[in-house]
Every structure is written in C-alpha cells, then in structure tokens.
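First comes the structure, then the notes that go with it.
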Amino acid sequence: MSAEATNPGAPSRRRARARIDLRRLGRVALLGPTARDRVPDAIGHVSEAHRAHHPDADLAILRRAYVLAECSHRGQFRKSGEPYITHPLAVTLILAELGAETTTLTAALLHDTVEDTEVTLDQVRAEFGEEVCYLVDGVTKLEKVDYGAAAEPETFRKMLVATGNDVRVMSIKLADRLHNMRTLGVMRPEKQVRIAKVTRDVLIPLAERLGVQALKTELEDLVFAILHPEEYERTRALIADNADAVDALAAVADRVRAVLREAGIQAEVLIRPRHFVSVHRVRIKRGELSGTDFGRLLVLVGEDADCYAVLGELHTCFTPLISEFKDFIAAPKFNLYQSLHTAVAGADGAVAEILIRTHQMHNVAEAGVIALGNPYTAVDAPDGSGAAPVPEAADGERHRDGERADPTRPGWLSRLLEWQESAPDPDTFWTSLRADLAADREITVFRADGTALGLPAGASCVDAAYAQYGDEAHACIGARVNGRLAALGTRLGDGDTVQLLLAQDAASGPSPEWLDHARTPAARIAITSWLAEHPEGVKPPAAAPRAPVASTAGRRAAANAVAELPGLPGATARLAGCCTPVPPDAITGFAVRGGVVTVHREECPAVSRMRAMGREPVEVRWGRAAACRVTLVAESFGRTRLLADLTETIATAGAAIVSATVEPPSEQRVRHTYTLQLPDAAGLPALMRAMRDVAGVYDVSRAQHPAGTI
C-alpha cells in the first residue's frame, strides 16, 4: 500500500524521480485548503481529467475528500521527501485519467487515511457514505503487529474478498501500486526486489485479468527494470538506437489512411510504440528487429461493423499474414478485451501489426473494469457515472459464462474466492494465489448441459471436476471429452465439452496421482486435504476368479442348436471364438478338419483374411433354436461391489456365465470380460442395456478377439 512516512526533521532525504506536476501539487498541498466555494488548486488536474470522462460529475465530494486527506496527512513525508499528500493525489489522478467515477476517486484520495492517520472508518462512513468506506477499508493493510509474517498474504486475502463484492477495490490497489513502483528507487535494493516480485506475481496478473492494460504495461516495465536490469538496459539502448523507427510505421500509417479514405471509411490511425517488455519479447521471438517491430498501428472506428470493413480493405490492399489474424470482437477475451488483430506486409516486405477496434473498445482495452464507471448502477445513469456496455456475443446476446457476462464478479474471481476458503494457512494461500495467477491465459470449456466453465490454460479433467462439483469431485471416476471417454489427467482445450462421471460409492476418493494432473489451487488443496484425512486411500476392486468353463459337449450342443450349413449337410457347426456370432448376425462359415464348419460374423476380420487366402466360404444360416453363446466386454470405473452387481444383472437376465475375467485396474478403469450362454438370442440387446445401467459401467460391447489358425 503506502510507502512509509518519515519525520520532517530526518536528515538528508533523496528526492524521488516523480513527475514535475506531482512535485508542484505537493507544494500546493502544504499551503492548505483553499476557499470552500471552489475546488482546491491541488486537485485541479484530477478535476480536469475527471470532467473529461464525466462532464456532469459533482466535484464537491472530491473537494471534501481532499481537505480531509490533506489535513490528516499534513506533516507526513514520503521516503523520497515528497509531502505525503502527493501519493493519494497521484493515485487519484491515475484513476481519473482512466475514467474512474466519482466514488472511486473519493476513496482513492482517502485510501491511506485510516491506515496512516488518526481518521477512522466510522468517520469516513459518516462523512462520505458506506460505499466509500467499504473501498477504503478494502485497501487498508492489516497490521504486522497483529499478523506478523502473515500480514502481507492476509492483507491480499482481505483485499480479494473485498474485490469479490466490489471490483473497484482492486482498481485503487493497482493505481496505488503503480505510483509506489514509480517512486521505488528510494528504497533499499533488497526491498525493491521483494516488492517487484510481488508486483510481478500478483498485481500484474490481476491487472491483466481485470483488463487494465494501461496499468499492466507500465507495471511490467517498472518490474523489468528492477528484476532484470541488464536486459532492461539492453532493451532501452535498442529502443534509443532505433528512435527513427517511427518513420517506418508512419509511412505505413499514411498508406492505411489513404486506403480507408478512398473506401469512405472514417477512421483514426495512430502509431502505438511498444513498451519495453513488449520490445524485449518481440526481440526474443524474432531475433533481429526491423523498424516496424518497435510499434503497432491502432485503427479506431465508430461501429463494430466498421472494424470488419477496415479489415477487408487492409487485406485487399496489403498482403495479410493470415497466421497473425485474431478476432477478439466475435470472441472477446475473458477480461472484456475486444479488437481485431492482423499483420500486413508492404511492397518492401516490412510487416506491420495492426489493431482495429471502436473507440468504446479502446476505452475498455486500456482501462478494463475501470472503464465501466460504477458497474453497480444502471447504464447511462443520470450523474454520468453509469457503467459502459458489456461486450456482447456476435449474435447480440450476452455471454452466458461468468467470464464476460458479469464484470462485477468475473468467473476467475469467483473461483479464487471459493478455493481461498479452503486454504486457512497463509503460506498455502500465498503459494496457491501466485500459482493461480501465473496462468498466462484462460480457456472456456462447456459442461454437458451447454453452460460454460472457465479454467486456466493447461487444466485437466481433474480441475474441471473440482471447479464444477467442489469436494463432491472426490467421487469422480472418469470423464468424457467431446463425447469420448478420457482419462482424468486429460488436458482440456478451449471450447472442449466435458462430462464428469461420479461414482455412487461414498468410499470413492482421489489418488495421489491426481496431484500430477491438478493445475488449479482449488483442486490441489481439496485433493491434498482428502489424502491427509484418508492415509489408507481407497482400495481398487480385486480381480475376479475365473468362473467354471462349460463342457466341450455343452458348447457343441449350443452351436448346433443355433446354426445349420446347407452347403455341407451333416457337418457340425462351431461358433468362432474370435467374433462369437449370435442371431440375427449375418454369418458365413469355413470348413475345417473333422467335418466341422466354423461360423463367423460377416464383418469379422478373419473372414476377409481367409477369403484373401482363397478359402471358399460355406453357406450357413441360423436354425430355429435361439440359444447362443456370446462374449461381452464391460468397460467400467472401479468401485466396491461392481463385480457382484454385474453378475447379479447377468443372472437376472437368465444367462449362464461360461467364463469371466477382470483385468487389473488402470487409471481407476476396469475391464470385465464375460462369455455367456443365453437361452434366447433375442434377449441379448436387453441384457447389454441392463449391464450398461449398472453404476460405474460406461460401455458394454461384443468381444472381438484375434482369430486363431483355422
């Protein structure tokens, strides 16, 4: 939060490299408040920036907030030597320039008063209302004297919980951290590194997820300079040596303007220099950089349709690089970001990246949730502080998933708040929070009912299970991804459909291997807790012993009862073990030694092989008797009593078990193979349906064994 205040009589203080206007504001602040009938000159810049976004905003509350902040902080100084009031003023100005509404700016002016002065939350509430009080409390640090080493993680936990109820809390925190990072040079090197690492691991990912790119990019550069000074200096020198690179982009920009003007499209074409970290990443990706690599073109238009019109003209008049095209208008990012991305090559071969968006999209792209104004009031509120429209889907309907439809409680924040409740230990919370925020992007998968579920990239079916079911996911025994059976460790891709399968047995639980597949803190915390409570684990079902095999005479009698061989009168029919045909399967036969005809299903691979060898088939047909023998394979998830339930189902259908085997479990999946004698082949479909209805069984099929030598 705030940097430490120092005693005005302290010896020589180093001056921070703050902007000149902030130094001037600090001097004005020392003169005290001005007349009550006008806004103090010290917040003139804030007032101008605020009115630029909200022309009808009432500035009276800002004046009162400034007076209280200045009076309470009077006599306090920053480590840099600046009057302390310069910090809340700078934080407020950052937010005002991004378009924050009046309540947020009021809380920003007061955000350090409760923490560093004698002002109490009750005073803030009485003077400025419940909303401002909530925001100030949300960004107020917990005392180290009360929490010790846990103060920092518990402060962030408190702040995130507060953000879950009001995203403006995190907006103030991000602006606060940005100004502190700007003036971090006055701190000891080791403290600079510690703060920069927390900024990198927690604040920058939060800025990205809230869509506040303007804050994120500057924070990235400030962190880059502290944690990687050599690379930073190399990048800075590279940018300085290519100061004329803007000329290359300017030439492309001029041609783009001419193309759009000829097409009758009203558009603003701007050059956007890349920030330091962006140049560093591009250099690593491409090696040598050309002039156009040091920036991108930004085309701003009035309507969504104009974006696609611009794209069409650019792809017609330039050579597009199709691999670089991305449509974030039809499919906005989870953080509200919308734009068309493309890259085109000019006649000289120089490649220029181009962003195409509307003015409204640009506001949201830069300021994220801050551009929404007050997201808790109706759009177009009379005081000018209403929320900006939420990006819509291509068909005009609101997005169904929580990632985009509700900017006040995005899905990633809801998930974060859920798992943090299961991490009472501050160290576990702190480690898990950093791991969660380290995910570079999010994917959207769909449940079986079509509703969306947001997960970090690289998430598996295990993560999906805990995201959907919480602790009930302990009973998960498998999944279907895009309709196909998949192991729980299967990684999910953007747009996948996942159906989680849960065991009915309460004794089911996760195995230690699940931790190898868990990406989300919610899954890892839940699995670790369950394993700690159940050190004995859950034993898989034991392999079943082989059942007695029917006699040879019995098998032969069964075969003769179901098939006869007009082609070889008097021959004995024998059902092939490789495909176990039953009525009404289409069948064919092949004569073997001893006056026996082996009967196969027409689609049996052995039939094709024997025909290829020149073996002549023998005509066979089903007789009137309907008894048959068949081999069925039941694919299932391991659970207790599964074998008993399956054998009971088979017995209820009137089938006799000739033989039965159960393969050792693999990833909690078990394969049962039964050779059955049925009194009536017509009952086979009903038997297979009954076996599929047994809990834990996901498929039952006819066996297809490799054919032996005939």
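The values are calculated or read from the model by the stated rules, or taken from the named source; none is laboratory data. It should be emphasised that the depicted structure is a prediction, and the values quoted were computed from it without experimental measurement. All Cβ positions, even for glycine, are placed from backbone atoms using ideal geometry, and neighbour counts span all protein chains on display.
Quick look at the values:
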quantity	calculated
Enumeration of residues in the range 258-290 that are touching an Asp or Glu at 6+ places or on another chain (Cβ under 9 Å), charged (D, E, K, R) and at pLDDT 85 or above	E262, R274, R283
Whichever residue in the range 647-669 is in contact with a helix residue (DSSP H, G or I) (Cβ under 7 Å, 6 or more places away or on another chain) and within 29 Å of P510 (Cα to Cα) and, among such residues, is modelled with the lowest pLDDT	V662
Residue check for A214: part of a helix (DSSP H, G or I), modelled with pLDDT of 90 or more and either assigned by TED's automatic domain parsing to the domain that holds A309 or more than 22 Å from the chain's Cα centre (by Cα) (or both)	no
Residue satisfying all of: in the range 463-487; at pLDDT below 85 and assigned to a loop (DSSP other than H, G, I, E, B); surrounded by the most Cβ atoms within 10 Å (Cβ to Cβ) among these	A487
Failed condition for R209, given (1) under 29 Å from R78 (Cβ atoms); (2) touching a residue at least 24 places away in the same chain (Cβ under 8 Å); (3) basic (K, R)	(1)
Residue within the range 437-460 that is outside the structural domain of E152 (by TED's automatic domain parsing), surrounded by fewer than 16 Cβ atoms within 10 Å (Cβ to Cβ) and among the basic types (K, R) present	yes
Any hit, the range 80-94, residues being more than 27 Å from G368 (Cα to Cα), modelled with pLDDT under 95, in a loop (DSSP other than H, G, I, E, B) and among the small types (G, A, S)	yes
Selection from the range 291-332 of residues that are closer than 30 Å to I239 by Cα, small (G, A, S) and modelled with pLDDT of 90 or more	G295
So K173, is it within 26 Å of the chain's Cα centre (by Cα), surrounded by fewer than 21 Cβ atoms within 10 Å (Cβ to Cβ) and of a type in the set (K, R)	no
Test: residue in the range 111-118 that is in a loop (DSSP other than H, G, I, E, B), free of Cβ contacts under 8 Å to residues at least 60 places away in the same chain and among the hydroxyl-bearing types (S, T, Y)	yes
Qualifying positions in the range 335-359 - closer than 28 Å to V169 by Cβ and in contact with a Pro (Cβ under 7 Å, 6 or more places away or on another chain)	L336, Q338
Filter result for A214 (of a type outside the set (K, R) and touching a residue at least 60 places away in the same chain (Cβ under 8 Å))	yes
Helices (runs of 4 or more DSSP H) contained in the range 128-184 and holding at least 1 residues polar (S, T, N, Q)	151-165, 168-182
R182 being surrounded by 18 or more Cβ atoms within 10 Å (Cβ to Cβ) and touching a helix residue (DSSP H, G or I) at 6+ places or on another chain (Cβ under 6 Å)	no
Test: residue in the range 609-626 that is in the same structural domain as P679 (by TED's automatic domain parsing), modelled with pLDDT under 75, under 59 Å from the mean Cα position of the chain (by Cα) and among the small types (G, A, S)	yes
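Let's see how each residue does on (1) in the same structural domain as D221 (by TED's automatic domain parsing); (2) in contact with a strand residue (DSSP E or B) (Cβ under 8 Å, 6 or more places away or on another chain); (3) hydroxyl-bearing (S, T, Y); (4) not in a loop (DSSP other than H, G, I, E, B):
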residue	(1), (2), (3), (4)
L297	no, yes, no, yes
Y308	no, yes, yes, yes
G312	no, no, no, yes
T316	no, no, yes, yes
N335	no, no, no, no
A347	no, no, no, no
R357	no, yes, no, yes
H362	no, yes, no, yes
G368	no, no, no, yes
